[in-house]
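A short worksheet on the structure shown next.
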There are 4 protein chains.
Amino acid sequence: MKFFSDNAASVHPRVWAAMAAADAPDHGYDGDHLSQRLDAAFSDLFGRPATALWVATGTAANCLALAAMVPPYGGVVCHREAHIETDEGGAPGFYTHGAKLILAEGDGAKLTPETITAAIAPIRDDVHRVQPHAISITQSTEYGRVYTPDEVAAIGALACDRDLWLHMDGARFGNAVAHLGCHPAAVTADAGVDALSFGFVKNGGLGAEAIVFFGEGRADALVDTVRRARKRAGHLQSKGRYLAAQILALLDGDLWLDNARAANAAATELAIAAGDRLLHPVEADEVFLVVSPAEAAALRAAGFDFYDWNAPAGAPGAARLVTAWNSDPTHVAALARAIAAL
Amino acid sequence: MKFFSDNAASVHPRVWAAMAAADAPDHGYDGDHLSQRLDAAFSDLFGRPATALWVATGTAANCLALAAMVPPYGGVVCHREAHIETDEGGAPGFYTHGAKLILAEGDGAKLTPETITAAIAPIRDDVHRVQPHAISITQSTEYGRVYTPDEVAAIGALACDRDLWLHMDGARFGNAVAHLGCHPAAVTADAGVDALSFGFVKNGGLGAEAIVFFGEGRADALVDTVRRARKRAGHLQSKGRYLAAQILALLDGDLWLDNARAANAAATELAIAAGDRLLHPVEADEVFLVVSPAEAAALRAAGFDFYDWNAPAGAPGAARLVTAWNSDPTHVAALARAIAAL
Amino acid sequence: MKFFSDNAASVHPRVWAAMAAADAPDHGYDGDHLSQRLDAAFSDLFGRPATALWVATGTAANCLALAAMVPPYGGVVCHREAHIETDEGGAPGFYTHGAKLILAEGDGAKLTPETITAAIAPIRDDVHRVQPHAISITQSTEYGRVYTPDEVAAIGALACDRDLWLHMDGARFGNAVAHLGCHPAAVTADAGVDALSFGFVKNGGLGAEAIVFFGEGRADALVDTVRRARKRAGHLQSKGRYLAAQILALLDGDLWLDNARAANAAATELAIAAGDRLLHPVEADEVFLVVSPAEAAALRAAGFDFYDWNAPAGAPGAARLVTAWNSDPTHVAALARAIAAL
Amino acid sequence: MKFFSDNAASVHPRVWAAMAAADAPDHGYDGDHLSQRLDAAFSDLFGRPATALWVATGTAANCLALAAMVPPYGGVVCHREAHIETDEGGAPGFYTHGAKLILAEGDGAKLTPETITAAIAPIRDDVHRVQPHAISITQSTEYGRVYTPDEVAAIGALACDRDLWLHMDGARFGNAVAHLGCHPAAVTADAGVDALSFGFVKNGGLGAEAIVFFGEGRADALVDTVRRARKRAGHLQSKGRYLAAQILALLDGDLWLDNARAANAAATELAIAAGDRLLHPVEADEVFLVVSPAEAAALRAAGFDFYDWNAPAGAPGAARLVTAWNSDPTHVAALARAIAAL
């Protein structure tokens, strides 16, 4: 009973079916009829003109977007526990040719206008200091927290004031929207987000994410750069139609939302069982809780697999549990009981 | 009836089956049981210790291998019509952090020890000149030509003498081995190749290539670098088991060779029809031939799709026809007849 | 009697005097009163608004200018014997983060609209090909040839048509202007040059070159980028006033032109002696001539130091002789006699 | 009366004399007889084999050394207030092709084995995390603090244990050695330092620093890389003999130490006057003290120029005063009196 991560879950049957349906030869790269439908599909979803490019991984999506936003001599503000800072093996440095990640604070890996300002206000505007050019936030965050539309909009307003781009790492964007119950544009385009890494891999896909640029404004300038950089990074797959097929299948009938809701519901079930053990409110599909080493061992002995996590000060230990679109209800219920019984 | 390229052909049914069979959750990235089998599978195939890493594209495979071989201030010798020089959107410059491609000559995009030496002998060994660190050859070449084992070995000997790494871009490696009828090691490890980009996408795969390092020698030093650089380039897919599954399916029972033989046979059928029109001997799955604009138009009017090509001096025009593992025999026969009738 | 190169000649006494005069403490970097005078000095010289930044070397000047003109995924058209291609140790690849040098032909290392077009016309505008973003020409060229105002203007017109930046490597700009006898703007700003690496080191300076941007047009966009990249490359010296002092001293009273005329005159004296041996017309301070190995040895035995050069087809050998602002007239006369006597 | 920084002070007369003496033409780049003497001069100074390369700036020295130590996918541990992190405009990212600075804590910008360990111990050794490859410390630090030989040796031992390179940013190395009164090797080679950026610009030079590699051990492997990277960065000046001349003049008769002692003595005089106002013990030539805005204004009104500094919590304001090798004793005495009278 695996609760390691949603990132290696099975592929949804409708995604498989869509890929199979794409098997007839078509134009290579993104010249096929499915890839050509992406802009329209995302424009429909967000209710405004959007341009979307597929790539295989969230790391590539994030870094291609950021590299178009920031010159090599510039910087990107992000949380000190952001995935781009801690878990992408230095990919931002590679894609941006050495731009700097400017680290900011915030509970649950959420930035606020105040913490962003605290990070950048001391940066004197001269050539000796790396200047910020963009902000990157993660929705839902690395601790499973969700920004509300107002919270994103406040950051968007700051970005606009300071002439910074705003990027959203949406590896678990679906979980955030499912939690909020809002229109997907409310926490993105409406709130000042210029580009979104829209994650599908953790939500029923196989190997396709979308970089979505919201127009018709300044974000248009990013698209050509990303298109060329995607090829230059070896991410322009010749059989791109199979990536487009995955994305379209997940958008179709809001399968992405249904999948995210299922994962969130499973996490909520665990959260209720965890009660006071929770380290963070559970708003998406990740549950962080205090467990002693003995308790963790007991859970594992009972057949549950998960990662240990850094324990906060004063706690005997911690664990991370991640659900997925297809978490087995009986496994989830069993784990909830086991946690409650600790 | 499409003869554009083999790079967007359908996926082989056994590859689909293998991917479906990999659907159960497993460890992420390359920690799954299929990815863990790759080293053994390629060691078996080549009859010696080998290490293999999957990536989604040939461009990524080539550039990750080269970036491990050459420092940013160094150079890679390649043919002036090599794919890495002409068709990868500058990816070698990105991955190597600005190393130089040192261009050499050769008929049919084939390098020889003589042409390589002509390119590098004038390079004075001082800090003002970019020094060569590696040689990259394409097998089969961009013009569908195939290096014999002796030809590769001669280049391998030069590489060894000059202390250069030897890389092989094997986007169509299967077609070359099918043509030669030799052991795959005879044109790679036995001949001094350190790393091979072993192509599967053009040969029945969906989105998986292998970078194969031949040990147990100096190539071991490259593996750790490539492993880290793959992550840093956003090419470490979390559901890597589906890439490993593709590769293992194509290795199983030498499906990769069967597929390549089928494509080669179709190209040979076209080559016989083309006769004196051929610009290059047909040794793999690509056919380059002289056709006037009117003749090209006639072929297209008859339902055949293909790319125009740069005509050599004195010719009225040229075309490139590419077959694939699943070229329809009736389409091939029809095209052969149409060419013969021009 | 050294005729190796002008790049290690002595420093002009007026340059020494100006540096000594700058010795009082002042603001660091380029905040001092001399650095602040550069824009006005170059605006005066060129008769239009100009912005100028000092750096220590021509390689840094060239590469900083080019890196502001071309994105990492783009290319710069230059001659295949351009200094940036052959003699800067890969610096363009470093500064541009891997952009490509697109090589073109031309007698005497001079590009023409025709040779530039031949290089870039075949580049299909898609993401698989590196697109040109700039042209770089060398004035005077690596073979001591000089572009006339009309020749530069023709390239400038092409650059404008194709929306390319035009950079001039003027390591020996003074020699070119001295030869032409024209206004310095006639072969630069008037002819469409956006940025000029104005060389002083080979012309009486110690370690200061200027990157000059001609406004008030599109080149303004480059200045901020170069200013930041200069710091990022470690080229913003804290005692920058000594670099500004060198440049101002050489501009003062057109010392740069006097120095260049002296070097050109010495070269011309050698050229007359060389007669039919000349490989290129002598228009600046470099003389390329056919000499057999025995003749070269004889000259060296007589006390003359110089570099051998690649002999053209059919010639027994070749040599390069370079004069300088302070070439000793008796040495020059002696060498001229020795050449005539061969 | 300027106390802004030592980085724009006048050039020492013996440095001017040495440069003038180098004026005769010689081989270019570092082929001249002065540049060729550097290895011996530094080997003598440190009492062991050393290799030394000149560059114009401390930023270039630091970043060239670090780039040879760390692969692009790696990291360098430094203090969060280290010059390379805060004041080099992103140069480390440029030179290392995007490697990460891993920030550690420590009073007065001094690292300790404990703070370094705290920074790197949590870094799991997998491809998702950037691994440390080097440590960089500043001697004297950005707050004018000095590492003792034992303190450096403790860090050197940690570096050795963890297989990390150890770099020392010695922009004010002279001030540190003058303070310690020890042999220069005691805080460098003897203590495990592999490469030292030995600063001369702030200590009487014009535009020359040395990167010193201590052999005969593993540091030899760095030298060739730095030599090539120096050219590639445009830092190989053709008239390098004038840089070597500066360095040799400052080494001659330990002028570098005399100059540093003079600067330190002036700072000590100010420190005594400042008394309880000091924010850090004064061990080199920098004095950080608490002053209210009104007090700072009063000092400025009295003719003293200096930079404001970030005030620590609870203080009304702060200032940084920097002395230099040639600080005028009457100015220093006057400032000391003025501070004491606040």
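The values are calculated or read from the model by the stated rules, or taken from the named source; none is laboratory data. On a predicted model such as this, the values are computed, not experimentally measured, just so you know. Cβ coordinates were reconstructed from backbone atoms using ideal geometry, including for glycine residues, and neighbour counts include every protein chain displayed. Each accessible area value is taken on the protein alone, full model and side chains, heavy atoms only, with ligands, DNA and RNA left out. Shrake-Rupley method; radii C 1.70, N 1.55, O 1.52, S 1.80 Å.
Annotations for the structure displayed:
- Hey, B:Arg48 open to solvent by 10 Å² or more (accessible area, probe 1.4 Å) and either modelled with pLDDT under 95 or more than 30 Å from A:Arg227 (Cα to Cα) (or both) or not: yes
- Subset tally (residues that are open to solvent by less than 30 Å² (accessible area, probe 1.4 Å), closer than 17 Å to A:Ile211 by Cβ and not in a loop (DSSP other than H, G, I, E, B)) for the stretch A:10-42: 4
- Among the candidates C:Ala219, C:Ala260, residue that is at pLDDT below 95, away from every other protein chain (no Cβ under 14 Å), closer than 24 Å to C:Thr188 by Cβ and open to solvent by less than 10 Å² (accessible area, probe 1.4 Å): C:Ala219
- When restricted to residues that are in contact (Cβ under 8 Å) with a residue 24 or more places away in the chain and under 25 Å from the mean Cα position of the chain (by Cα), the stretch B:275-303 contains 12.
- Positions within the stretch D:238-249 being open to solvent by less than 10 Å² (accessible area, probe 1.4 Å) and either of a type in the set (Ser, Thr, Tyr) or out of contact with any Lys or Arg (no Cβ under 8 Å at 6 or more places or on another chain) (or both), in sequence order: D:Lys239, D:Gly240, D:Arg241, D:Tyr242, D:Leu243, D:Ala245, D:Gln246, D:Ile247
- Note on the stretch B:160-171: residues that are in a loop (DSSP other than H, G, I, E, B) and closer than 20 Å to B:Thr117 by Cα amount to 3.
- Subset tally (residues that are open to solvent by less than 30 Å² (accessible area, probe 1.4 Å) and over 22 Å from A:Trp309 (Cβ atoms)) for the stretch A:148-180: 14
- Filtered residues of the stretch B:304-337 (kept if assigned to a helix (DSSP H, G or I) and either under 12 Å from B:Phe288 (Cα atoms) or in contact (Cβ under 8 Å) with a residue 60 or more places away in the chain (or both)): B:Pro329, B:His331, B:Val332, B:Ala333, B:Ala334, B:Leu335, B:Ala336, B:Arg337
- Some residue of the stretch C:229-252 being in contact with a strand residue (DSSP E or B) (Cβ under 8 Å, 6 or more places away or on another chain) and at positive phi: yes
- Residues in the stretch B:102-159 that are assigned to a loop (DSSP other than H, G, I, E, B), away from chain D (no Cβ under 14 Å) and free of Cβ contacts under 8 Å to residues at least 24 places away in the same chain: 2 in all.
- Single residue of the stretch C:1-37 satisfying the filter (under 30 Å from D:His27 (Cβ atoms), among the charged types (D, E, K, R) and touching a residue at least 40 places away in the same chain (Cβ under 8 Å)) that is nearest to the other protein chains (Cβ to nearest Cβ): C:Lys2
- Put simply, of A:Cys78, A:Cys63 the only residue that is under 24 Å from A:Val146 (Cα atoms) and in a strand (DSSP E or B) is A:Cys78.
- Summed over the stretch D:127-147, the residues that are more than 19 Å from the chain's Cα centre (by Cα) and open to solvent by 40 Å² or more (accessible area, probe 1.4 Å) give a count of 2.
- Identity of the residue in the stretch B:195-207, more than 13 Å from the chain's Cα centre (by Cα) and open to solvent by less than 10 Å² (accessible area, probe 1.4 Å), that ends up nearest to the other protein chains (Cβ to nearest Cβ): B:Gly207
- From A:Ala244, A:Ala233, residue being in contact (Cβ under 8 Å) with a residue 40 or more places away in the chain, within 14 Å of chain B (Cβ to nearest Cβ), of a type in the set (A, V, I, L, M, F, W, C) and in contact with a Leu (Cβ under 6 Å, 6 or more places away or on another chain): A:Ala244
This table checks each residue for (1) in contact with a strand residue (DSSP E or B) (Cβ under 8 Å, 6 or more places away or on another chain); (2) small (Gly, Ala, Ser).
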residue	(1), (2)
D:His167	yes, no
D:Asn175	no, no
D:Ala191	no, yes
D:Leu196	yes, no
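- Hits in the stretch A:270-296 (condition: open to solvent by 20 Å² or more (accessible area, probe 1.4 Å) and under 23 Å from A:Gly170 (Cα atoms)): A:Leu279, A:His280, A:Pro281, A:Val282, A:Glu283
- Residue among A:Ala82, A:Ala68, A:Ala61, A:Ala56 that alone is more than 12 Å from chain D (Cβ to nearest Cβ), touching an Asp or Glu at 6+ places or on another chain (Cβ under 6 Å) and buried (at least 22 other Cβ atoms within 10 Å of the Cβ): A:Ala61
- Flag if D:Gly93 is crowded, with 22+ Cβ neighbours inside 10 Å and free of Cβ contacts under 8 Å to residues at least 24 places away in the same chain: yes
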